[in-house]
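The numbers here are math on the coordinates, done by the rules we state, and not lab data. Quantities reported herein were computed from a predicted structural model and do not represent experimental measurements. Here the Cβ is made from the backbone with ideal geometry for all residues, glycine too, and neighbour counts use every protein chain on show.
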Amino acid sequence: EKKEWQAPVLEVLDV
Amino acid sequence: MTASTQINTNDRVIRKEGNLVSDMGGEKVMMSITSGKYYNLGSTGGRIWELIAEEQTLDQLIQVLAAEYDIEPERCGEQVVSFLEHLLREDLIDITVSSGV
């Protein structure tokens, strides 16, 4: 039942 | 804690207030009211953001994530620390260093 892991990444968006 | 310090498993993490968060297609997008910057936390990062609404140790955070996701705790910890360090550099979280007792 475990969800697929994706490495957490903080993306800084250029508006 | 400064942004250049290594985060340890007993350190306590909590997110800062003052951010507008929205779900977009399973990913969390956020705007910092203080800096005006926009961020995409992604899906896993969004889940971490939810979990640190209340203060908890890095170790507790890793345990919850390793139970929910298909990931070994050790590798999960490495990636979560890297993510938290980036959040800290952006001044989006507070970390209380454990006293070591």
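Summary of values
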read-out: Label point distance in nm, B:GLU68-B:LYS16, each placed 7 Å from Cα along Cα→Cβ; value: 2.3 nm
read-out: Contour minus Cα-Cα distance for B:GLU50 and B:ILE33 (0.36 nm per residue); value: 4.3 nm
read-out: Candidate lysines - alpha carbon under 24 Å from A:LYS3, same-chain residues fewer than 8 apart omitted; value: B:LYS28
read-out: Convex hull volume per residue in cubic angstrom - Cα atoms of chain B; value: 96 Å³
read-out: Pairwise label distance in nanometres, B:THR9 with B:THR57, each label 7 Å out on the Cα-Cβ vector; value: 0.9 nm
